[in-house]
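What follows is a set of notes on a single structure, which appears directly below.
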Amino acid sequence: MTTIAFIGLGNMGGPMAANLVKAGHEVLGFDLAPASCEAARAEGVAIASSAGGAVAGAEAVVTMLPAGRHVLAVWGEILPAVAPGALLVDCSTIDVESARRAHALAAERGCLSVDAPVSGGTVGAKAATLTFMAGGVAEAFGRAEPILARMGRRVVHCGEAGAGQAAKICNNMILGISMIGISEAFVLAEKLGLSHQALFDVASTSSGSCWALTTHCPVPGPVPTSAANHGYKPGFAAELMLKDLRLAQAAALTAGAATPLGAEAAALYGLYAAAGQAGSDYSGIINFLRGRAAATA
Ligand code: NAD
């Protein structure tokens, strides 16, 4: 059993902390939102009165926060209270630069650290089937892996500090571009009088097949579990896709990488979100490509 502090008990962090409790760890949590604290308490997470209070005495600290500025603020706040030698693991999706700054803060305190963003959404967080993409030195990864393995199904060591965030934004740039490509194909098929099912049956078993098509098919019917069958209720909200695409664009600018389709995807999801669909599933972009903000009956 390890004593673990968990800061950020929201939609993802709450169930992840609960899975650490189920795995037999002692988990001390904190969140600014009282409702998140109460929900986590009901799952067996002990609640501290501050982030600093949660980390004192912890062998490992996990953070699951909205963005880079939150992670840097929280790590800056907790590091003076963290026991030297404790492990810090940030599972939030944040920009690569902030992730590297967070690693540097931990190193100044003599702590090992890992950036370990996730894929799998709230369903994966609850079911402990997340994929973790980790960045950090081998020793830090070695200590983080058994903890992450209790919250997910797959833990990949991607490289040094920031490599987990790099993998996450590259992966999600592929996903965003793929969904737009799939949606364009279905819209074209509609204009050509080709049925959704026929296109799906061909593309899903041909060179056009990809995970976004076979799992998140943007039209109702072919994949019963896709959000298209449920009024584009997320799933994976368009605003989160937009966040990840913008992180990819920021990184591309800094690194000097040419990502014209990533830029176009970020622009399209920006327009879709601005049309009032930020909270819809990202596959609802198909309605935007049909010239409508949302699905119509
Ligand atoms: P969320 O908004 O539900 O949870 C974030 C929590 O952080 C909130 O409860 C908030 O009160 C808390 N918080 C903010 N500042 C704090 C502070 N200073 N101290 C303590 N708590 C603080 O967000 P989420 O959906 O759980 O996402 C968390 C991270 O995971 C994000 O970076 C997101 O991009 C990433 N992510 C989310 C999903 C998803 O499907 N929701 C999937 C993969 C990755």
Could you state how much accessible area residue 201 has, in square angstrom rounded to the nearest 10, with a 1.4 Å probe and all protein chains kept in place? 80 Å²
Could you tell me which trypsin sites (Lys or Arg not before Pro) in segment 221-297 are loop residues by DSSP with no more than 16 other beta carbons within 10 angstrom of their beta carbon? 290, 292
Give the aspartates and glutamates reachable from residue 126 as a straight Cα distance under 14 Å; neighbours fewer than 8 places away on the same chain don't count. 43
Size descriptor, Kirkwood hydrodynamic radius, that averages inverse alpha-carbon separations across segment 166-296, Å: 14.8 Å
Using alpha-carbon positions, the gyration tensor of segment 71-153 gives root eigenvalues a ≥ b ≥ c; with a/c under 1.5 called rounded, otherwise prolate if a/b exceeds b/c, else oblate, the class is prolate
Name the most mobile residue of 235, 135, 164, meaning the one with the largest mean-square fluctuation, in a Gaussian network model of the chain with Cα contacts below 10 Å. 235
Amide H neighbours of residue 114 at under 5 Å, excluding residues fewer than 5 places away on the same chain, with H built from the backbone geometry, are 88, 89, 90
Counting other Cβ atoms within 10 Å, which chymotrypsin sites (Phe, Trp or Tyr not before Pro) in segment 196-278 have at most 13 and lie in a DSSP loop? none
Rounded to the nearest 0.05, what FRET efficiency is calculated for residue 97 and residue 225 with R0 set to 35 Å and r the Cβ-Cβ distance? 0.45
In terms of the Cα gyration tensor, with a ≥ b ≥ c the square roots of its eigenvalues, is segment 3-161 rounded because a/c is under 1.5, prolate because a/b exceeds b/c, or oblate? rounded
Just to confirm my numbers, what's the Cα centroid distance between segment 246-297 and segment 124-157 in Å? 29 Å
Note, segment 205-219: 3J(HN,Hα) by Karplus (6.51, -1.76, 1.60, θ = phi - 60°), whole Hz, Gly/Pro = x, goes 10, 10, 5, x, 5, 7, 4, 4, 6, 7, 10, 10, 2, x, 10
Using a Gaussian network model on the chain with a 10 Å cutoff between Cα atoms, which of 178, 113, 207 fluctuates the most? 207
Using a 1.4 angstrom probe on heavy atoms only, work out the carbon and sulfur share of the accessible area of the chain in %. 60 percent
Please state, rounded to one decimal and in Å, the Kirkwood hydrodynamic radius that the chain gives when every pair of distinct Cα atoms enters the mean of 1/r. 20.0 Å
Leaving ligands, DNA and RNA out of it, work out the accessible area of residue 195 with a 1.4 Å probe and give it in Å² to the nearest 10. 60 Å²
Just how large is the dipole of segment 37-174 about the Cα centre, in debye to the nearest 20, putting +1 at every Lys and Arg Cβ and -1 at every Asp and Glu Cβ? 280 debye
Per the Kirkwood formula on distinct C-alpha pairs, the Rh of segment 47-94 is how many angstrom? 10.8 Å
Here the gain from full extension of residue 42 to residue 188, 0.36 nm per residue of separation minus their alpha-carbon distance, amounts to 47.6 nm
With the Cα gyration tensor of segment 124-212 in hand, convert its eigenvalues to equivalent ellipsoid semi-axes via √(5λ) and list them largest first in whole Å. 37, 14, 9
Choice from 274, 248, 263 with maximal GNM fluctuation in the chain (Cα, 10 Å cutoff): 274
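Using 1/(1 + (r/R0)^6) with R0 = 45 angstrom and r between the beta carbons of residue 294 and residue 32, what's the FRET efficiency to the nearest 0.05?
0.90
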Full-extension gain in nm, residue 211 to residue 263, via 0.36 nm per residue minus C-alpha separation: 16.6 nm
Probe 1.4 Å, accessible area per residue of the chain, Å²: 44 Å²
Counting Lys and Arg as +1 and Asp and Glu as -1, each charge on the Cβ, what is the dipole of the chain about the Cα centre in debye, to the nearest 20? 360 debye
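The values are calculated or read from the model by the stated rules, or taken from the named source; none is laboratory data. Small disclaimer: the values here were computed from a predicted structure and weren't measured. Cβ sites come from the backbone with ideal geometry, for glycine too, and all protein chains shown count toward neighbours. For the accessible areas, the whole protein counts, side chains as well, though only heavy atoms, and no ligand, DNA or RNA atoms are used. Shrake-Rupley method; radii C 1.70, N 1.55, O 1.52, S 1.80 Å.
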